[in-house]
Amino acid sequence: MSINIIKKVCFLMVLLTSLNAMSQELGKVNGKISLSGNEPAPGVSIVLKGTRYSAVTNDNGQYEIKNVKPGSYTISIRAVGIHAVENTIVVTAKQTTTKNFALSESQEDLDEVVITKNKYKQDKPSLSLRLQTPVLEIPQNVQIVSGQTLKDQQITSMSDGVIRNVSGAVRLEHWGDLYTNITMRGSQIQAFRNGFNVVSSFWGPLTEDMSFVDHIEFVKGPAGFMLSSGDPSGLYNVVTKKPTGITKGEVTAIGGSYDFYRVSLDLDGKLDKKGKLLYRFNGAAQNKGSHRAYEHNNRYVIAPVISYQIDDKTKISAEYNFQYANMTEVGSYYVFGPVSGGYATLPVGFTMTQPGLPDTNIQDHSGYLTFEHKFDDNWKLTAQTSYFKYIQQGYSSWPGVVGPGDVDRDFNGIPEGTIGEGDIIRNVGIWDAESNMYLGQIFVNGKFNTGSVTHKVLGGVDLGNKDYMADWGQSHDLDTVDNPFNVYNPNYGTPSNGFPAFDHETPLSKRAGGRMSSEYAASYIQDELGFFENKLRLTLAARYTWINQSAWGDTQEDSHITPRAGLSFSIDPSTAIYGLYDQAFTPQSGITQNGDPIKPLTGSNFEFGIKRDWFDGSWSTTLAAYRILKENELTSDPNNKPNEVYKVILGKKRAEGVEFDVRGKLFDGLNLIANYAFTESIVLDSNVSSIREGSVVPGYAKHTANAWLNYTVQGGALKGFGASIGGSFLAGRQTDTWSEGLEKLPNYFRLDGGLSYETGKFKVTGNVFNILDKYLYSGSYYQWLNAYYWQTEQPINFRIGVTYKLF
């Protein structure tokens with residue numbers, strides 16, 4: 001052995017001995033950070049000021065900093081949404097210094113900045129739902145579709161597969177990707193955005209692009225006690241992305257079948273060194289074709305947000321969302337066939353759209369201004385206002401006659417005559433529309449104790465003014481009786497009756513044939529009382545609502561008090577059972593053919609359920625049973641002709657069913673979303689001769705089942721590789737009209753799957769939809785035309801996306 005080798009070995013031994021001795025002289029710092037209510041605070045940063053020593057709390061709020069040199073330090077806790085906390089500690093050699101912190105903030109204060117480690121499960125509702133209670137303890141079925149779910153499933157709009165993640169939610173025939181119109185618990189549910197009811201007409205609002213959406217909350221059953229009057233079947237609340245104070249950004253590009261191309265950008269960060277002035281910017285551009293020829297739906301989106309933390313107690317924020325849609329005329333999704341053939345008698349890509357018709361374009365603006373102030377650790381005031389502006393200029397298509405049959409109907413001046421099998425006279429109507437909504441909310445959240453009883457109080461006021469007007473008064477037949485359009489031998493050349501020449505120049509206010517408006521004011525109060533260390537929770541609430549509502553010349557004004565009572569009991573920290581009684585109240589307006597007076601819709605909901613978190617909250621299950629009774633509901637007149645808006649007063653109907661949802665992380669890398677719902681809705685009392693007592697209410701599926709399973713390899717050579725598989729099944733599907741026809745909708749099954757790979761700043765995701773290449777559709781029998789219509793989904797298709805994290 002040479003002298004040099006001996007020297008190196010001796011030097012190494014001395015170095016190792018020195019390092020070992022040094023490590024024995026170092027100390028350690030650990031502890032736990034908890035929020036009000038003794039809840040752990042995960043994902044909070046801890047720093048020894050002026051040093052490189054730092055740590056982040058785990059899911060239990062615990063942290064540990066190793067190998068700290070002995071001495072005196074200032075330990076600092078800072079995060080957006082909490083008061084800064086600093087304290088002095090002394091680190092001693094060979095000893096552990098324990099420092100715990102109990103923050104005055106609640107989890108609600110951190111919800112907008114704490115990033116969950118669970119891909120598919122969120123434990124807290126958003127601040128826009130106004131609740132201070134974890135989902136597990138809320139006495140109602142609330143399901144949250146996380147942002148990561150939207151990314152993994154490559155969902156790009158609200159109408160693009162979101163409902164597969166929630167039990168009992170369905171969409172039947174619809175206006176394509178223009179409006180979402182989700183049915184749940186036997187009725188169409190209300191659409192909300194950031195806690196505001198954004199429904200201004202029977203058809204809206206414009207479906208949200210997912211580029212600016214953080215997550216989506218589905219509230220089953222009445223929630224009008226705090227969010228505004230609405231249908232007792234429930235609502236969905238789209239929560240938009242907000243600044244987090246964490247500097248990050250990503251760009252995503254997606255390409256897919258049928259000329260689908262999309263790019264989106266998400267930027268998040270600080271505009272000052274102190275982190276008081278924050279921003280978030282989202283944007284997207286999309287070109288979307290179709291499996292039907294001559295059809296497209298292109299989108300452009302920008303959504304900036306800015307917030308300023310004035311001091312530890314006060315914050316203001318401003319947000320603007322703009323969506324521009326340029327699409328084929330509304331109605332292009334529909335295909336009509338003769339009654340002799342039934343559903344799905346034409347190729348999956350068949351279209352009745354006439355090439356050469358001008359596009360329909362839509363501008364959707366929404367702005368929000370929010371003020372938040374904490375009086376102290378227990379009381380918080382939130383005031384927010386919003387303005388929504390919707391502008392549409394375009395066309396809708398609907399046939400005037402579907403053969404075979406005698407043309408003896410006085411519609412659009414078509415003369416009497418006979419058209420043959422498969423002959424159709426296509427009609428195009430103008431659809432220019434404008435909507436304005438001015439909405440305001442102010443509410444207070446508070447906590448206090450009376451002896452051993454805890455109280456979580458919510459009280460507030462809602463104000464709103466909405467108007468909608470549209471021009472449907474101009475129409476044009478594309479085809480003639482002598483030269484109709486034939487679905488078995490289509491001719492897409494110049495239509496026999498030429499193209500329309502509608503008046504878009506005259507101000508809409510002068511030519512609008514349809515007007516709807518509503519003004520409302522409401523106040524509400526709720527108290528959640530906690531007994532036996534909050535194991536038993538009693539919720540009592542009431543809401544007073546005044547509404548003045550009109551449609552097409554008919555005006556209704558009414559007021560009502562709706563009570564609410566809920567009871568939730570924690571069998572153990574992970575299991576809760578609950579019961580709920582709730583009421584809904586919605587004034588209605590419309591025109592009946594016989595001039596019957598129109599009363600407000602009233603509804604009541606009885607619901608029972610059990611919720612459980614499994615394996616330290618990694619995944620959860622909800623089992624719920626409900627019964628909803630609705631009275632005086634207005635519905636479309638079964639005898640309506642196209643463009644007629646007459647209503648009938650149904651009487652009384654009942655919806656009841658059972659729902660089961662499971663979502664979350666089964667174990668590291670394996671995530672699951674699955675649900676099942678049984679729904680039944682029938683007429684109990686009918687005021688309409690053509691609708692019998694016991695009739696099935698249209699617009700739902702008796703059985704719905706969905707599942708989505710995702711696995712990502714956690715280590716080894718394949719680390720970052722992921723695979724997904726999912727399916728949707730519907731049985732007992734009801735059509736969307738009272739006209740039953742001779743043919744029922746068949747059962748529905750769709751299988752999807754995908755692969756992904758993430759490494760460094762890149763992630764590649766690919767999904768294949770309708771893997772089995774089934775002919776999938778929804779539809780109805782339309783009595784006035786004596787014809788069937790349906791809408792097809794895309795055959796087997798794919799999307800491939802690449803996401804790059806900018807910083």
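What to note about this one:
- Which numbered condition Phe350 misses (of (1) in a loop (DSSP other than H, G, I, E, B); (2) surrounded by 20 or more Cβ atoms within 10 Å (Cβ to Cβ)): (2)
- Pairs where the first residue, in region 436-462, is closer than 30 Å to Ser509 by Cα and the second is of a type in the set (Val, Ile, Thr) and part of a strand (DSSP E or B), C-beta under 6 Å, 6+ apart: Gly440/Thr385
- Applying the criterion of being exposed (fewer than 14 other Cβ atoms within 10 Å of the Cβ) and within 22 Å of Pro232 (Cβ to Cβ) to the residues of region 547-566, the residue that is nearest to the chain's Cα centre (by Cα) is Pro563.
- The set of residues in region 515-545 being among the β-branched types (Val, Ile, Thr) and in contact with a Pro (Cβ under 6 Å, 6 or more places away or on another chain) consists of Thr539 alone.
- Screening Gly699 on (1) touching a residue at least 12 places away in the same chain (Cβ under 8 Å); (2) over 30 Å from Val402 (Cβ atoms); (3) touching a Leu at 6+ places or on another chain (Cβ under 9 Å) shows it passes everything except condition (2).
This table checks each residue for (1) of a type in the set (S, T, N, Q); (2) touching a helix residue (DSSP H, G or I) at 6+ places or on another chain (Cβ under 9 Å).
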{"position": "Gly694", "(1), (2)": "no, no"}
{"position": "Gly699", "(1), (2)": "no, no"}
{"position": "Ala707", "(1), (2)": "no, yes"}
{"position": "Gly716", "(1), (2)": "no, no"}
{"position": "Phe721", "(1), (2)": "no, no"}
{"position": "Thr737", "(1), (2)": "yes, no"}
{"position": "Leu742", "(1), (2)": "no, no"}
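- When Gly727 is tested against the conditions (1) assigned to a loop (DSSP other than H, G, I, E, B); (2) within 30 Å of Ser332 (Cα to Cα); (3) of a type in the set (Gly, Ala, Ser), the lone failure is (1).
- If you check Asp312, Asp268 for being surrounded by fewer than 22 Cβ atoms within 10 Å (Cβ to Cβ) and either of a type in the set (S, T, N, Q) or assigned to a strand (DSSP E or B) (or both), only one passes: Asp268.
- Here is the figure for region 567-586: residues that are closer than 16 Å to Val142 by Cα and either surrounded by fewer than 21 Cβ atoms within 10 Å (Cβ to Cβ) or outside the structural domain of Leu536 (by TED's automatic domain parsing) (or both) total 5.
- Of all residues making up region 355-409, the number that are surrounded by fewer than 18 Cβ atoms within 10 Å (Cβ to Cβ) and in a loop (DSSP other than H, G, I, E, B): 11
- Residue match in region 94-106 (condition: out of contact with any helix residue (DSSP H, G or I) (no Cβ under 8 Å at 6 or more places or on another chain), modelled with pLDDT under 85, crowded, with 16+ Cβ neighbours inside 10 Å and charged (D, E, K, R)): yes
- Flag if Gly766 is surrounded by fewer than 20 Cβ atoms within 10 Å (Cβ to Cβ) and touching a Leu at 6+ places or on another chain (Cβ under 9 Å): yes
- Taking the criterion of being crowded, with 20+ Cβ neighbours inside 10 Å and either in contact with a Gly (Cβ under 6 Å, 6 or more places away or on another chain) or within 19 Å of Phe443 (Cβ to Cβ) (or both), the residues of region 515-546 that qualify are Tyr520, Ala522, Tyr524, Gln526, Glu528, Arg537, Thr539, Arg543, Thr545.
- Residue match in region 300-317 (condition: within 30 Å of Val348 (Cβ to Cβ), touching a Lys or Arg at 6+ places or on another chain (Cβ under 8 Å) and either at pLDDT below 95 or not assigned by TED's automatic domain parsing to the domain that holds Arg193 (or both)): no
The values are calculated or read from the model by the stated rules, or taken from the named source; none is laboratory data. The structure displayed is predicted, hence computed values, not measured ones. Ideal geometry is used to build each Cβ from the backbone, glycine not excepted, and the neighbour counts take in all protein chains shown.
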